[in-house]
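As structure tokens, the structure follows; a few thoughts come after it.
The values are calculated or read from the model by the stated rules, or taken from the named source; none is laboratory data. Owing to the predicted nature of the structure, the values given are computational and were not obtained by experimental measurement. Ideal geometry is used to build each Cβ from the backbone, glycine not excepted, and the neighbour counts take in all protein chains shown. The area values use the complete protein model at the heavy-atom level, side chains included, leaving out ligands, DNA and RNA. Shrake-Rupley method; radii C 1.70, N 1.55, O 1.52, S 1.80 Å.
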Amino acid sequence: MKVLKTLGLVVLGLLAIVALLGLIAPNQVVISRSTTINADPATVYQVVSELPSWERWSPWQRRDATIKNEYSETKAGAGAYYTWTSEDSGAGQLTITDAWGPDSLHTLIEFDGQGNTNSNWYFKPADKGTEVTWTFDSKFPFPFNAMLLFQDFEGMISKDYEEGLAFLKEEVESILPAGPDLTIQEVDFPATHYLVKRATVAMKDMGAHFQEVMPAVGMAFGESGVAMAGTPTGLFYTWDEETQTSDVAIGIPAASGATIEGLTSIEIPAGRALQINYVGPYEGTGAAHEAIAAYIEANGLIGKEPAIERYMGDPGPDTETDPNKWMTQVLYMLDK
């Protein structure tokens, strides 16, 4: 009994030490690492947002041949996830919780039985491409945070992140072009009648909003019998960085005077416009908008709302399915 009592006191003493260390140890690890990749933000964003690509550049995937992944039906963008199992690295799930292409991407990593980690990505235009920042933010509950006093956890993760960014840079620069063609043309824009759904939308929800509204508009045309007079279009009246919202109308051109119940008519008169034929995924069209805005300012011109996007490569069973080959015509009307 004396031995058991002694062992009990030892255990209590150790627990007390762990608790004390837990009180003085940090309970959160935040890490941020960056690199510059010679490609535009949309291109880098696309690679990171497509989860199967991680198998080619993730430092953990390269290091552990026993990892096996299973992917959700949607493999890119917000809501996409994959689960992994491994003989050496345990099991868990990585989920893209938010995607604001091409600016940022947020992920949640859940380790089976070991807690969660927020790991986010930021893509910023740089002098020679894109500055890519990868962050790690994890909290360690008391008293398990005491182990941070004895392990160089930050150093280990930092090394992994630096390797991962180097592998990502190698991946992007080897398989994708450095950037889109942003040649600006001045064109005659014909008077156009649109039937649209218009709303103020949070920028982070823009992709989901288009996916919901565009098919609904197409269905309304089909049910009404009104003929489409052009390609699906987005009309952007505002793009408010402060509130992170946009006043946007999504619709399809129709003959002048045509109406469809539930859709709003918008007339854009004929005039001169600046146009870029942007080829690439929709998330990258921001580069075209920025290029035209800079051209307008540099040449003392005056643009007027709305900014127009005409989707020439909308994917479908009989059209191009590779987003790197989709064309979006970005147009800014010019004031006389």
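Within segment 214-300, considering only strands (runs of 3 or more DSSP E) that don't extend past its boundaries, which have at least 2 residues that are of a type in the set (S, T, Y) and surrounded by fewer than 17 Cβ atoms within 10 Å (Cβ to Cβ)? Output list reads 264-268. All told, L274 meets the bar of being of a type in the set (A, V, I, L, M) and closer than 24 Å to I184 by Cα. Against the condition open to solvent by 60 Å² or more (accessible area, probe 1.4 Å) and either touching a residue at least 12 places away in the same chain (Cβ under 8 Å) or of a type in the set (A, V, I, L, M, F, W, C) (or both), how does M333 come out, does it pass? Here the answer is no, as M333 does not meet what is asked. Only one of the numbered conditions (1) touching a helix residue (DSSP H, G or I) at 6+ places or on another chain (Cβ under 9 Å); (2) open to solvent by 70 Å² or more (accessible area, probe 1.4 Å); (3) part of a helix (DSSP H, G or I) is violated by Q211, and that is (1).
Here is a yes/no grid of residues against (1) within 30 Å of P253 (Cα to Cα); (2) at pLDDT below 80; (3) open to solvent by less than 30 Å² (accessible area, probe 1.4 Å):
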| site | (1), (2), (3) |
| --- | --- |
| Y122 | no, no, no |
| K159 | no, no, no |
| L165 | no, no, yes |
| A191 | yes, no, no |
| A199 | yes, no, no |
| K204 | yes, no, no |
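Scanning segment 124-157 for residues that are at pLDDT 75 or above and open to solvent by 70 Å² or more (accessible area, probe 1.4 Å) returns K124, P125, D127, E131. Kindly indicate whether any position in segment 71-88 is open to solvent by less than 30 Å² (accessible area, probe 1.4 Å) and under 20 Å from S158 (Cα atoms). Within segment 71-88 (the criterion being open to solvent by less than 30 Å² (accessible area, probe 1.4 Å) and under 20 Å from S158 (Cα atoms)), the answer is no, since none of the residues qualifies. Within segment 60-70, the only residue that satisfies the criterion of being open to solvent by less than 60 Å² (accessible area, probe 1.4 Å) and touching a residue at least 24 places away in the same chain (Cβ under 8 Å) is D64.
Selection over segment 91-114 of residues that are part of a strand (DSSP E or B), modelled with pLDDT under 85 and open to solvent by less than 40 Å² (accessible area, probe 1.4 Å) gives a count of 1.
Could you check, for segment 205-225, whether at least one of its residues is in contact with a Ser or Thr (Cβ under 6 Å, 6 or more places away or on another chain) and either closer than 27 Å to Q244 by Cα or not polar (S, T, N, Q) (or both)? Checking segment 205-225: not a single residue is in contact with a Ser or Thr (Cβ under 6 Å, 6 or more places away or on another chain) and either closer than 27 Å to Q244 by Cα or not polar (S, T, N, Q) (or both).
Quick check on D247: is it within 28 Å of A39 (Cβ to Cβ) and without any contact (Cβ under 8 Å) to a residue 60 or more places away in the chain? No.
Residues in segment 47-93 that are hydrophobic (A, V, I, L, M, F, W, C) and under 20 Å from E283 (Cβ atoms): V47, V48, L51, W54, W57, A76, A78, A80.
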